[in-house]
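No value in this document is a laboratory result; all are computed from the given coordinates. All of these numbers come straight from a predicted model, not from anything done at the bench. Cβ coordinates were reconstructed from backbone atoms using ideal geometry, including for glycine residues, and neighbour counts include every protein chain displayed.
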Amino acid sequence: MSEPLIVKKMEGPVAVLQLNRPHVLNALNLALMDELVEQLKQLQADQDVRCIILTGNHKAFAAGADIDEMAGVSLAEMKMRNQFMLWDLIPRFTKPLIAAVQGYALGGGCELAMSCDLIIASEKAVFGQPEINLGAMPGAGGAQRLVKAMGKARAMAYLLTGRSFTAQEAYECGLVTKVVPDELVLEEAKKLALEIAHKAPVAATLIKEAVYKALDTPTQVGMDFERNAFYMCFGTEDCREGMKAFQEKRKPSFKGR
Ligand code: CO8
């Protein structure tokens, strides 16, 4: 059987992870999520990698959690699977993670894309949380993140009807960074990844954390975090290098320390 996740290390500081269960539209089963987190751990430890792209294929980023693996599972069994432990780790990796979305990003697939730091989407991509049609609901943050992105009125309607929404709508509400023609999705994601990869890695990590604080905590808590994170930048060689390069009118070379 083919690997559920393909790891491609590009030349340079960007790695691409490709969800690879095309026969089931990249349905996210336990083995795939396990492998995804395992590979993210390895890329986190890899000094050469500074930005990661997560993608699927032309037809689907992922059409949700694997329904065949959930059908008939009891409450107790589902609880004891504790699968969200893995899901919760995804935004906690410190390297910027870009979802390059083509086709369906439904249910857990939409949640997985929203767990990434940035989303580049095909103009044909289809987002949605159709779990209600299965008598279920999102569990990996779909309700939380959708409300924060598009507000209660729209999120509530999508969650309660299970209707899908377009990449353009996702872009307009701030869920998606950029919408591009289908054939340019990966190229655009790589361009963005490379641009980020050449910035100072520690500052990038601290910025990520500050942005999540803005979403998850009261403003003053986020402000306090941001100030301390700002001070932390001054403990890095990259901050000295960045300012020196500006003064010397040259491009900085960031080392990630
Ligand atoms: N799980 C398992 N198999 C799937 C899934 C899925 N989520 N989606 C598609 N497949 C399979 C189909 O069964 C089919 O297999 P087969 O060829 O053996 O019959 C194959 O993929 C192709 O699918 P379709 O023939 O249905 O393709 P269409 O182009 O006709 O339709 C759709 C595409 C509209 C995307 C349709 O496949 C569909 O509705 N899929 C299900 C979408 C869905 O309901 N997603 C939500 C799942 S529940 C969920 O994600 C809960 C998240 C909670 C957090 C995560 C916890 C683990």
What's the percent breakdown of Cα-Cα distances in the chain across 10 Å bins, shortest bin first? 7, 29, 35, 21, 7, 1, 0
Report, to the nearest 10°, how far helix 185-197 tilts away from the longest principal axis of the Cα atoms in the chain, using its own Cα long axis and a range of 0 to 90°. 30
Gained length - L184 relative to R154, 0.36 nm times residue gap less alpha-carbon distance: 7.9 nm
Counting only Cα atoms, I'd like the Rg/Rh figure for the stretch 105-184, Kirkwood definition for Rh. 0.94
By the mean-Cβ-within-10 Å protection proxy, highest first, 238-249, 94-105 rank as 94-105, 238-249
Length-normalised contact order for the stretch 132-257 - Cα pairs under 8 Å, 6+ apart - percent: 18
For the chain, take the longest principal axis of its alpha carbons; what is the angle in degrees between that and the long axis of helix 237-247, to the nearest 10 within 0 to 90? 60
Here the percent of antiparallel bridges among DSSP beta bridges lying wholly in the stretch 1-154, to the nearest 5, is 20
Tensor-based shape of the stretch 1-87 (alpha-carbon gyration tensor, a/c under 1.5 rounded, otherwise prolate or oblate): oblate
Return one number: the angle in degrees, 0 to 90 and rounded to the nearest 10, between the long axis of the Cα atoms of helix 219-233 and the longest principal axis of the Cα atoms of the chain. 50
Amide N proximity, the stretch 195-218 versus K251 label position 7 Å along Cα-to-Cβ, cut-off under 14 Å: 195-200
The stretch 212-257: relative contact order in percent, alpha carbon pairs under 8 Å with at least 6 residues between: 27
Listed residue pairs exceeding 25 Å between alpha carbons, taken from K9/K249; K59/K95; K8/K249; K9/K178; K9/K208: K9/K249; K59/K95; K8/K249
Share of antiparallel DSSP beta bridges in the chain, in percent to the nearest 5? 25
Taking the Cβ-Cβ separation of A31 and C173 as r and a Förster radius of 51 Å, what is the calculated FRET efficiency to the nearest 0.05? 0.95
Set Lys and Arg Cβ to +1 and Asp and Glu Cβ to -1, take the dipole of the chain about its Cα centre, and tell me which of F225, G12, Y104 lies farthest positive. F225
Between E195 and A71, take the C-beta separation as r, use R0 = 41 Å, and let me know the FRET efficiency to the nearest 0.05. 0.45
Reachable aspartates and glutamates from K41, criterion Cα separation under 19 angstrom, eight or more residues apart if same chain: E3, D88, D117, E209
